[in-house]
Amino acid sequence: MSTVNIPRLDLNSYINGNAADRKQFSDDIGRAFNQTGFVTITNHGLSKQLIDELYAQVKTLFSLPDEIKLKYEIPGLAGQRGYTGKSKETAKGFKTPDLKEFWQIGQTVTDGAVIKDLYPDNIVVDELPSFNSTTLDVYKKLEGAGKHLLQAIAVYLNLPENYFDDKVHNGNSILRTLHYFPITDLDSVPDDAVRAGAHEDINLITLLIGASADGLELLTREGAWFPVKAHGEDLVVNVGDMLQRLTNNKLKSTTHRVVNPPRDQMKNSRYSVPFFLHPKANMDLTSLASCIDEEHPKLYTDITAGEYLDERLREIGLKM
Ligand SMILES: O=C(O)CCC(=O)C(=O)O
Ligand SMILES: [Fe+2]
């Protein structure tokens, strides 16, 4: 198995460090995003207590009866808010849907900005009031951590440090709480069904809580699958297609998947919580001129984040 460098970086050294610490962090995250597209992050601002509380809520939510969960599957929202039932999402290029159900929470605009009217309201779980407040807290903290990570990435790209700030402020980010449900009758699912088929994330960057459970793997440049493991409460952070597009592939949106456990463990649930950091829909994803030269010709057509998201949601079967 080839070795893959997934550095463990301390976000506090960027936020509160001296100039040398900050430069080091920015170089490290940039290099890793250029090479493997993945890092793990410590001191990200979410306490162990908050993460434990989140997982307790997520487990309770998914243990509600299907009839109750299905009440929160709202047609017309492309799964972007509330519940998406078992086997609804299919990775691009696959025919068999993933073995998962999920619940998505979107932006809560609190500063009175008019963009509030463009976002559907979040769906409130009546049966589980603390789910709503805990996920809002987690959403805002991950949004904050993501903003700092993008500042470090902007510096690596020789952009002004605050390049992404206004683009992600009140952005269309999604917190996805995921349940890879237990399967007791293995004959009841197609042979080629997996927890999450190989895919790339759509957004700018993804911050994932809970990759401490086995299953997540990334595809190396050499074409081998490599397991991604986080220490304790660390976040796994990876590049999505929007950042890859903006940087004309300088930063790599690495293919990843969640494999099934051995057959005798398919009866056990797996939970995870990715935060897909999106900009506002009007962000221009035209590749940066500084990332285009003779050796790196322009690879992508010009598109906005909103247009690109719609195209991708249709490809994965969430939008008609
Ligand atoms: O569950 C995981 O560990 C990863 C999930 C994932 O890659 C996704 O939902 O995009
Ligand atoms: Fe993903």
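The values are calculated or read from the model by the stated rules, or taken from the named source; none is laboratory data. Computed from a prediction, not measured in an experiment: that's the story for all the values here. Positions of Cβ are backbone-derived with ideal geometry, glycine not excepted, and every protein chain shown enters the neighbour counts.
Pairing residues of the stretch 155-167 that are closer than 18 Å to D21 by Cα with residues that are basic (K, R) and exposed (fewer than 15 other Cβ atoms within 10 Å of the Cβ), at Cβ distances under 9 Å and at least 6 apart in sequence or on separate chains, gives Y156/R31.
In the stretch 20-41, the residues that are of a type in the set (A, V, I, L, M) form Cβ pairs under 7 Å with partners that are modelled with pLDDT of 95 or more and surrounded by fewer than 19 Cβ atoms within 10 Å (Cβ to Cβ), at six or more places apart or across chains, as follows: A32/P7; V39/P7. From the list L216, L207, L285, the lone residue that is on the phi < 0 side of the Ramachandran plot, within 16 Å of ligand 2 (Cβ to nearest atom) and touching a Phe, Trp or Tyr at 6+ places or on another chain (Cβ under 9 Å) is L207.
If you filter the stretch 237-262 down to residues that are more than 14 Å from the chain's Cα centre (by Cα) and among the charged types (D, E, K, R), you find that the one that is nearest to ligand 2 (Cβ to nearest atom) is K252. Need pairs with beta-carbon distance below 6 Å; first residue of a type in the set (F, W, Y) and within the stretch 276-292, second at pLDDT 95 or above and surrounded by 15 or more Cβ atoms within 10 Å (Cβ to Cβ); sequence gap 6+ or separate chains. Pairs that qualify, where the first residue is of a type in the set (F, W, Y) and the partner is at pLDDT 95 or above and surrounded by 15 or more Cβ atoms within 10 Å (Cβ to Cβ), are F276/I174; F276/N203; F276/T206. Scanning the stretch 107-140 for residues that are closer than 25 Å to S63 by Cβ, part of a helix (DSSP H, G or I), modelled with pLDDT of 95 or more and of a type outside the set (F, W, Y) yields S130, N132, S133, T134, T135, L136, D137, V138.
All conditions but one from (1) out of contact with any Phe, Trp or Tyr (no Cβ under 6 Å at 6 or more places or on another chain); (2) on the phi > 0 side of the Ramachandran plot; (3) modelled with pLDDT of 95 or more apply to G82; the one that does not is (1). Looking only at residues in the stretch 219-228 that are within 16 Å of ligand 2 (Cβ to nearest atom) and free of Cβ contacts under 8 Å to residues at least 60 places away in the same chain, the one that is farthest from S26 (Cα to Cα) is W225. Taking A145 as the residue in question, decide whether it is surrounded by 15 or more Cβ atoms within 10 Å (Cβ to Cβ), away from ligand 1 (no atom under 16 Å from the Cβ) and either part of a helix (DSSP H, G or I) or within 16 Å of the chain's Cα centre (by Cα) (or both). Answer is yes for this residue.
Counting only strands (runs of 3 or more DSSP E) wholly contained in the stretch 160-273, the ones carrying 1 or more residues that are near ligand 1 (Cβ under 10 Å from one of its atoms) and modelled with pLDDT of 90 or more occupy 174-180, 196-199, 205-209, 216-219, 235-239, 256-258.
Please state which one of L99, L46 is surrounded by 16 or more Cβ atoms within 10 Å (Cβ to Cβ), under 19 Å from L208 (Cβ atoms) and in contact with a helix residue (DSSP H, G or I) (Cβ under 8 Å, 6 or more places away or on another chain).
Working: L99 fails: in contact with a helix residue (DSSP H, G or I) (Cβ under 8 Å, 6 or more places away or on another chain).
Residue meeting the stated conditions: L46.
Do you know which residues across the stretch 103-142 are within 20 Å of the chain's Cα centre (by Cα), crowded, with 16+ Cβ neighbours inside 10 Å and among the aliphatic types (A, V, I, L, M)? Once the filter is applied, which keeps residues that are within 20 Å of the chain's Cα centre (by Cα), crowded, with 16+ Cβ neighbours inside 10 Å and among the aliphatic types (A, V, I, L, M), the stretch 103-142 yields I105, I123, V138, L142.
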